[in-house]
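Data block below; observations after.
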Amino acid sequence: MYNDKPQVNWDELILDMLLGLFMAILGFLMLFVPQWIYTVFVDLILVVIASQSLLLGVRFFRKKQKIDLIMALITFLFFCVLFNHQSFPQILFQIVFGIYCLVSALATLIQLLINIFNQVKGKIFLLICTFFYMGIGIFLILSHEELKVLIRAFGIYLILLGFRALSDASQCVNPLTKVEWKRKVRLTFPALLCAFFPDWALNAVNSVLASGEPIEWEQKEGRVSTDLRVFVHIGPYGLQKVGHICFAYRGIVYSYGNYDQASFRFNQTLGDGVLFKAPVQDYIPNAMEVENNTIFEYGIALSKSQKAVLEAELKSLQSNLVRWYCLLEQERGYRHPLDYQEDYPSRLHAKTGAKLYKFKSGKFKSYWALGDNCAVFTDRMLGCLGADILSMRGIISPGTYLDWLQKEFLKRNSPVVSRTLHARS
C-alpha cells in the first residue's frame, strides 16, 4: 500500500469532479433529448457569431480599419446562412467526424501493413478495426439521416467518461481506497483531443511562471522510493507540442522513437524503430537546456515482484536489439561534434553518451506515429505491471498517458507516488 500521499490538492480534485459531473449531465441530455441539445447548440453558435459581428462593427466605427468592416460583413453573412440553414452544423459535424474515422482507418491499415511486413501477430484484429472505422466514416459522410443516433452515441460515451472521472475523484479522497493496477480496457478522451494535452499543460505552466507566482506542482511522498520514473516531454515547436514519453529504471533512460534520418517516411511519421539508453543524470539536463523541452516526471513505486517482472521484460527487450551507430559514431566525428548538431542522435550521443539500438524483429522494428509509437512502447513496460491505459486499438499519443499518470498520482494509495516538473530556469 502507498498510503503516504501528500495532502489532497482540492483545486485539481474539484475541477475534475465538476468536469465529470458536467460530462455525465450533458451525456444524459444528449441521450434522452438529442434534438433539444442540437437546437441549443445551434442557437449558441448563432449568438456567438452575431455578437462577434456586432463587436467587429463597433470596432470599425471606433478605429476606422477596413479589415474590421470586411470581417464584420463576412461574419454577418455566415450568421444569415446558418440562420436559414440550421442543418449545416449537422452536415459539417458528420463530415468532420467521418473524416476522423477515415484517418483512424488509414492509421490502422498502415499499422496492419507494417505488421504483415514484420510478421507481427494481431493482424486479424487490425483488419477488423480498419473495416470498422472505414465503414463508419463512409456512412457518416454519405448519410443524410438525422443526427439523433450519433448524438445519442456521444451521449453514452460522455456518461461513461463522466462516471470514470467521478470514480477517479472518489479514489483521490478516500484514504481506505485500495488501488490495484489490473490490465483492462480504460475509456479515454478522443485521441485527437489527447494529442493537445501536453501542449495545454505546458501553456498552463508557462502562464504561472510568467505571472511570477510559485508553481505548486512538485510533490513527493516522504518515505517511498520511486523505482520507475516516467517522463512526458513537451517542446515549443511542431510535433514537439504533441509530446514524447519515455521512462527510466535504475538510472537508465529508455526512449523509443523515429531517430534514423535515412529511414524517415511520410514527413517523419514512419521509419525504423530506434531505442536509445542514456544516463538519467545527463539526459534530463540535455532535454531541457539543449532540446528546450519541459518534462513532466511521475515516479512509480514498485513491489519486489513488480521489479522482477519489469526486469524480465527489459531482459527480453535487450535480446531483440542490435547496436545502431549514429552519424557521429559512423564518421568518428568526436573532434568536431558541432558539425553534427542537426542530427538528433549524434547530438544526443555527444552530450549524454547515449547508445542507440534497432530491433531485430517484432512489434517495434518499425515506428509509426499513429500506431506503434513511443506511448505504445512505454505501455509495454507499464503494461507488464498492470497499467490499464492502452488496451484498445486506436491512435495513441503521449497526452493519453499524461492524463492517466496525473489521475493516478491524485489517487490515494496509488503506485504513482511523485511528480516533478523539469523546466529551464
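The values are calculated or read from the model by the stated rules, or taken from the named source; none is laboratory data. Quick caveat: nothing in here was measured; it's all calculated off a predicted structure. Using ideal geometry, Cβ is built from the backbone for each residue, glycine included, and neighbour counts are taken over all protein chains shown. Accessible surface is based on the protein model in full, side chains and every heavy atom, while ligands, DNA and RNA are left aside. Shrake-Rupley method; radii C 1.70, N 1.55, O 1.52, S 1.80 Å.
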Checked region 233-327 with the C-alpha gyration tensor, a ≥ b ≥ c its square-rooted eigenvalues, rounded below a/c of 1.5, otherwise prolate if a/b is larger than b/c and oblate if not; verdict oblate
Counting only protein heavy atoms and a 1.4 Å probe, tell me what percentage of region 13-84's accessible area is made up of carbon and sulfur. 81 percent
On a C-alpha basis, how far is the centre of region 277-310 from the centre of region 9-80 in Å? Whole number, if you could? 42 Å
Cα extents of the chain along the three principal axes, largest first (Å): 67, 54, 53
Over the chain, average the accessible area per residue using a 1.4 Å probe and give it in Å², no decimals. 53 Å²
Would you grab the residues whose amide H sits under 5 Å from the one on Lys355? Only those 5+ places off in sequence or on another chain, please, with H modelled 1.01 Å from N. Lys277
Alpha carbon convex hull of region 1-149, volume per residue in cubic angstrom: 264 Å³
Packing-wise, with mean Cβ within 10 Å as the measure, how do 235-246, 371-382 rank, highest first? 371-382, 235-246
Would you list the membrane-span-like helices of the chain, meaning whole DSSP H runs whose alpha-carbon atoms span at least 30 Å along their axis and whose mean Kyte-Doolittle value is at least -1.0? 10-32, 34-63, 88-118, 148-173
When the accessible area of region 249-374 is split by element with a 1.4 Å probe, what percent falls to carbon and sulfur? 50 percent
Accessible-area order (highest first, 1.4 angstrom probe) of the listed residues Cys384, Cys194: Cys384, Cys194
